[in-house]
Amino acid sequence: MTPHMPNTPDAQSFFVATLGCKINQYESESISEAWRARGMVETNDPACAGVLLVNSCAVTARAVSDLRSAVRRLRQQSPAARIVVTGCAAQVLAEELAAMPEVDAVVPQSRKGELLAGPFAPLPEPSALSAPPRFPPFEIGAFRRARAVVKVQDGCSHHCTYCIVPLTRGASVSRDPSATVAEMRTLLSAGYRELVVSGVNLRQYGADLPEPHDFWALLARIEAELAPEWAGRARLRLSSMEPGQLDSRALDVLGTSCLVAPHLHISLQSGDEGVLRRMGRGHYRPAQVLDFLRQLATHWPRLGLGADLLTGFPGESAEQFETTLAFCRELPLTYAHVFPFSPRPGTAAARLPDPLPKAERTARAARLRGLAEGKKRSFLKELAMLQKLTVLVENTQNGHGVCEFYAPCAVQGGNLRAGGLVALRPQGVEDGRVVGLAEVAP
């Protein structure tokens, strides 16, 4: 590494580039707040910053490629700045990243919390003793986006054969419920009207707490403590759900909730049981998802439904892919995140026989995306026929936002506030969004 010393007048200014998931967004916000509290100044222009923090992702090969490109671009924009790379890629590719001439420091994900002390604080030597994992010391009082993320869980102990996350973030750890509720109160009081309850694997929430319980117990507590004041004035949105946690307890909590938006995003990955077993995801069957959704429909007759899907897993036959395609036709999907299989270093799937050609993986992903896009268009037309939607405004200039069903909307008229909820009277669909007029109170 070529050292770039903090010898410029703006050494106490910093810029943060965040790649990857909502958890990274949350942790970047926490670090930014900590650095500002220490007297540093955040800038939106990397050319004006003395410190450039890059919070990385490693979930796909594309994510790592994007990281390298981002680091080189930042060095060109700010030749004298100190570049610090942290996050998941820094955990599993530390030596490779440290060898980049643009990089001054690499802080692995396991030590990211130590950055709260500042970018120039020396990292203490790691302890030789093996301490039990604990929830990282991140917290926030604000968020730079209209929908604030609240992190309640980190890591994963499941070890799906394709997934690098257990190697990058370690075993599952859970946040204390009291700390979660307190942070939510702070954000709601600060004016945020949609909070995204997030974790790496929410199915594993609570098992490591002094009094073990599950995610649905946490959500029930949040509901009990916050609904009396905030029901009808704010809402919660759940991040990705594991199919294995969609059980009778989930039905009870979701069916009686006054805060949770009628939207689920399910980490489905495949609709074929044989593929799921090879993925290390034999703990659920696709049919369970359909059964749960049919029961949930008695409480949520309409819902937004997203899914994560992985195509071209090693050994996936044409017939098995068709099974997934047929299953997704049956699902009431309103959108999907579809990825062709990308072998990740250190994972079991990277060593599996019968890899599919990249072109075939990509072609299968395109077919699934096409199916999901068609379902999305139909759902938007359905929403456009409703009398009213409640939209969380994300951009006041064009009125863009998302409704309770996680569908993109555009609000016309009214006195809009970023992060505020507004009633929308739908008029139609334009450019992939439900458009309409802001409802004016009489």
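Here, each number is a calculation from the coordinates, and none is a lab measurement. Please read these numbers as outputs of a predicted model, since none were measured by experiment. Note that each Cβ is placed from the backbone with ideal geometry, even for glycine, and that neighbours are counted across all protein chains shown.
How high is the relative contact order of the chain? Use alpha-carbon pairs under 8 Å, at least six apart in sequence, and give a whole percent. Show your work: numbers first, answer last.
Working: 867 pairs, mean separation 48.1, N = 442.
RCO, the chain: 11 percent.
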task = For the chain, with a Gaussian network of springs between Cα atoms less than 10 Å apart, report the residue from 255, 199, 304 with the top mean-square fluctuation.
result = 255
message = As a footprinting exposure proxy, order 309, 167, 19 by other Cβ within 10 Å, with the fewest listed first.
response = 167, 19, 309
query = Gain in length, residue 247 to residue 350, computed as 0.36 nm per residue apart minus the alpha-carbon separation, to one decimal in nm?
reply = 33.9 nm
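In the neighborhood of residue 408, defined by Cβ-to-Cβ distances under 11 Å, what is the net charge if each Lys or Arg adds +1 and each Asp or Glu adds -1?
Details: positive: 376, 433; negative: 394, 430, 431.
Neighbourhood net charge equals -1.
Looking at the chain only, what percent of DSSP beta bridges run antiparallel? Nearest 5 please. Write down the numbers at each step before the final one.
On the way: 18 of 59 bridges.
Taking every DSSP beta bridge within the chain, about 30 percent pair in antiparallel fashion.
Could you grab the relative contact order for segment 13-117? Cα pairs under 8 Å, six or more apart, rounded to a whole percent.
Working: 176 pairs, mean separation 27.9, N = 105.
Once normalised by length, the contact order is 27 percent.
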query = Relative contact order (percent) for segment 84-227, with alpha-carbon contacts under 8 angstrom and 6 or more residues of separation?
reply = 21
request  = At 37 °C and 0.692 mPa s, grab the translational diffusion coefficient of segment 70-109 from Stokes-Einstein with a Kirkwood Rh over Cα pairs, rounded to a whole number in µm² per second.
outcome  = 326
ask   = Restricting the count to DSSP beta bridges whose residues both fall in segment 148-384, what percent are antiparallel, rounded to a multiple of 5?
value = 10
Trypsin sites (Lys or Arg not before Pro) restricted to DSSP loop in segment 136-208 with at most 15 other C-beta within 10 Å = 144, 145
ask   = How high is the FRET efficiency from residue 42 to residue 69, r the C-beta distance, R0 25 Å, rounded to 0.05?
value = 0.65
message = Could you list 40, 385 so that the one with the fewest beta carbons within 10 Å of its beta carbon is first and the one with the most is last?
response = 385, 40
Charge-dipole axis of segment 148-384 as Lys and Arg at +1 and Asp and Glu at -1 on Cβ define it, positive-most pick from 301, 339, 220 = 339
query = If each of residue 388 and residue 297 carries a label point 7 Å out from its Cα toward its Cβ, how far apart are those two points in nm?
reply = 2.6
inquiry  = So if I take the alpha carbon set of segment 389-438, get Rg, then get Rh from the Kirkwood formula, what is the Rg over Rh ratio?
reply    = 0.89
request  = Can you find, among 19, 170, 90, the residue farthest towards the positive end of the dipole of the chain? Put +1 on the C-beta of Lys and Arg, -1 on that of Asp and Glu.
outcome  = 19
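Can you tell me the FRET efficiency between residue 283 and residue 330 if r is taken as the Cβ-Cβ distance and R0 is 25 Å, rounded to the nearest 0.05?
On the way: r = 21 Å, r/R0 = 0.85.
That pair, residue 283 with residue 330, gives E of 0.75.
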request  = Multiply the residue gap between residue 145 and residue 395 by 0.36 nm, knock off their C-alpha separation, and tell me the result in nm, one decimal place.
outcome  = 89.0 nm
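Hey, could you get me the Stokes-Einstein D for the chain, Kirkwood radius over alpha-carbon pairs, 25 °C and 0.890 mPa s, rounded to whole µm² s⁻¹? Mind dumping the intermediate values first?
On the way: Rh = 23.3 Å.
It comes out at roughly 105 µm²/s.
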query = Label-point separation (nm) for residue 117 and residue 415, each offset 7 Å from Cα along Cα-to-Cβ?
reply = 4.8
ask   = Based on the Cβ-Cβ distance from residue 367 to residue 185, what FRET efficiency comes out when R0 is 51 Å, to the nearest 0.05?
value = 0.65
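Mean shadow of segment 13-117, computed from the convex hull of its alpha carbons, in nm²?
Details: hull surface 23.2 nm².
Spelled out: convex hull of the Cα atoms, projected over all directions, averaged, 5.8 nm².
Let me have the 222 nm mean residue ellipticity of the chain computed from DSSP H runs of 4+ only, each contributing -39500 (n - 2.57), with the sum over all residues rounded to the nearest 500. It would help to have the intermediate numbers written out before the result.
Numbers: 12 runs with 143 residues, N = 442.
Value at 222 nm, helices only, nearest 500: -10000 deg cm²/dmol.
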